C-alpha cells in the first residue's frame with residue numbers, strides 16, 4: 001500500500017501521517033529528510049543539494065525521483081508507505097507514476113485534505129510554544145489552561161516560529177496553488193483521488209482517513 005497525502009499548509013498532513021504510522025505500522029518516507037541526510041553525509045548529491053539550497057533553489061525533479069526510488073527499493077516487504085512531501089508538482093506526480101511500476105508498487109490512494117485558505121492561515125499563525133520546555137499550543141485549539149502560563153513547566157515565556165507569520169503562510173499557500181493543486185486533477189483522472197474534509201476535529205478527520213486505508 002502506498003499513500004499520497006495532499007493538502008494546503010495547516011491541513012494536518014503531518015499529524016495524520018504520524019497516527020497512521022502508529023496504528024498501521026506504515027513507514028513515512030520524507031523526501032525532505034532524505035535530502036538533509038545526503039547533505040549531512042557529504043555525498044555528491046548532498047553537495048549538489050547544499051549548493052542549490054544556498055541559492056534558494058529547489059532540487060531538480062530527476063534527482064528527487066532518483067533518491068526516492070533508491071529509498072523505496074530498500075523496502076522489500078509489503079509495509080505500507082506514506083509519501084511525505086512528494087509529489088509537490090504535476091511533473092513529480094507523473095515521474096512517480098513512471099517509477100513505481102519498476103518497484104512493483106503504485107499509488108493506491110491520493111488523499112486530498114481540503115481546507116479553506118482562511119482556516120489554513122488561522123491554524124498556522126495561531127501556533128506558539130513554551131520558550132523553556134518547547135510545549136506546543138494554539139491560540140484557538142490548544143490554549144494554555146491558565147493564560148500566559150505553560151501547562152508543563154509553568155514558564156511565562158513563549159515563542160513563535162518565524163515561518164508561522166501571516167506573510168510567510170500566504171506565500172506558502174500561493175506556492176501550493178501554483179505548484180501542487182495541479183496534482184489533484186491528475187490523481188482524479190487516474191482514479192485514486194479521495195477527498196477528505198479537513199476543516200473538522202483531528203479525530204473526525206482521522207476516522208475518515210482510517211476508513212480509506214482499511215478499504216484498500
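Sorted by packing (mean other beta-carbon atoms within 10 Å per residue), highest first, where do 5-11, 37-43 land?
My ranking of the peptides, most packed first, is 5-11, 37-43.
As a test, work out the antiparallel percent of DSSP beta bridges whose residues both lie in the stretch 109-214, rounded to the nearest 5.
Close to 60 percent.
Hey, what D do you get for the stretch 79-188 in µm²/s if you plug the Kirkwood alpha-carbon radius into Stokes-Einstein at 20 °C and 1.002 mPa s? Numbers along the way, then the final one.
Values: Rh = 16.8 Å.
The calculation lands on 127 µm²/s.
Report the gain in length on full extension from residue 66 to residue 166: 0.36 nm times residue separation, minus Cα-Cα distance, nm rounded to one decimal.
Stretched fully, the residue 66-residue 166 segment lengthens by 32.5 nm.
Using alpha carbons only, how many degrees (0 to 90, rounded to 10) separate the axis of helix 90-99 from the longest principal axis of the chain?
Around 50 degrees separate the two axes.
What does the extension gain come out to for residue 37 and residue 204, with contour length at 0.36 nm per residue minus their alpha carbon separation?
Result: 56.7 nm gained on full extension.
Computed from the coordinates I sent, semi-axes √(5λ) of the Cα gyration tensor in Å equals one of [x] 26, 21, 18; [y] 30, 22, 18; [z] 42, 18, 15. Tell me the label.
[y]
Of all DSSP beta bridges located in the stretch 1-152, what percent are antiparallel, nearest 5?
Here the antiparallel bridges make up roughly 30 percent for the stretch 1-152.
Taking 1 over the mean of 1/r across every pair of different Cα atoms in the stretch 39-111, what Kirkwood radius in Å do you get? Walk me through the numbers before you get to the answer.
Numbers: mean 1/r = 0.0737 Å⁻¹.
After inverting the mean inverse Cα-Cα distance, the result is 13.6 Å.
Give the residues of the stretch 186-201 whose amide nitrogen is closer than 19 Å to a point set 7 Å from the Cα of residue 23 in the direction of its Cβ.
194-201
A short reminder: the numbers here are calculations on the coordinates, not readings from a lab. Nothing here was measured: the structure is a model prediction, and the numbers come from that model. Methodologically, a virtual Cβ is constructed for each residue, glycine included, from the backbone with ideal geometry; neighbour enumeration extends over all protein chains shown.
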